[in-house]
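This report refers to the structure that appears directly beneath it.
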Amino acid sequence: YSRFELSAPRLSSPTMKVDGSVQVTVDVHNTSERAGDETVQLYVRDRVSSVTRPVKELKAFERITLAAGERRSVTFTLPAQALRLWDARMQRVVEPGEFDVMTGPNSVQLQSVLLTVTPA
């Protein structure tokens, strides 16, 4: 019954060290004439990794209630630990490289931004 528009995600920094974190912000606008709830979801995708990884991994979500016409920003903290994987030697590591950080109301309607993870 309510309609929402979500902005593309914005990063506090386009790069992050393998032991750091980054803030991901999304603007949500209730474009309808009644209050409603929306769930903002955050996914990541490792563009190149040493082992096979899922195409999309849900890392965070937040449900918000907005009045008719209201706008609000949702900010997630994405720590490097959320990007860890089990490598070929069975060690939990964060591999440097490029990650797509995607946000949206579901796993299909996503907008993305590039995050580069650098060595410590």
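The values are calculated or read from the model by the stated rules, or taken from the named source; none is laboratory data. Remember, it's a predicted structure, so these values are computed and weren't measured experimentally. Quick reminder, even Gly has a Cβ in these numbers, built from the backbone with ideal geometry, and neighbours come from all protein chains shown. Note: accessible area is taken over every heavy atom of the protein model, side chains too, but ligands, DNA and RNA are not part of it. Shrake-Rupley method; radii C 1.70, N 1.55, O 1.52, S 1.80 Å.
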#### Entry: Leading residue by the ranking (farthest from the chain's Cα centre (by Cα)) among those in the stretch 30-50 that are within 13 Å of Ala60 (Cα to Cα) and of a type in the set (S, T, N, Q)
Thr39
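Considering only the stretch 63-80, I want to know if a residue exists there that is part of a strand (DSSP E or B), charged (D, E, K, R) and under 15 Å from the mean Cα position of the chain (by Cα). Break it down stepwise before answering.
Our first condition is that a residue be part of a strand (DSSP E or B); within the stretch 63-80, this holds for 63-66, 71-79.
Filter once more, keeping what is charged (D, E, K, R): 63, 71-72.
Adding the requirement that they be under 15 Å from the mean Cα position of the chain (by Cα) leaves 63.
Yes, the stretch 63-80 contains at least one residue that is part of a strand (DSSP E or B), charged (D, E, K, R) and under 15 Å from the mean Cα position of the chain (by Cα).
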### Single match in Arg89, Arg53, Arg45 (criterion: in a strand (DSSP E or B) and either in contact with a Cys (Cβ under 7 Å, 6 or more places away or on another chain) or among the basic types (Lys, Arg) (or both))
Arg45
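Being within 13 Å of Met102 (Cα to Cα) and either in contact (Cβ under 8 Å) with a residue 12 or more places away in the chain or open to solvent by less than 50 Å² (accessible area, probe 1.4 Å) (or both) is the filter here; which residues of the stretch 48-74 pass it?
Residues of the stretch 48-74 within 13 Å of Met102 (Cα to Cα): 55-61.
Selection gives Lys56, Glu57, Leu58, Lys59, Ala60, Phe61.
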### Query
Just wondering, is there one or more residues in the stretch 2-20 that are in contact with a helix residue (DSSP H, G or I) (Cβ under 7 Å, 6 or more places away or on another chain), more than 20 Å from Gln111 (Cβ to Cβ), of a type in the set (Gly, Ala, Ser) and outside any loop (DSSP other than H, G, I, E, B)?
no
### Message
I'd like the residue in the stretch 21-38 that is open to solvent by 40 Å² or more (accessible area, probe 1.4 Å) and in a strand (DSSP E or B) and, out of all such residues, is nearest to Leu110 (Cα to Cα).
### Response
Asp27
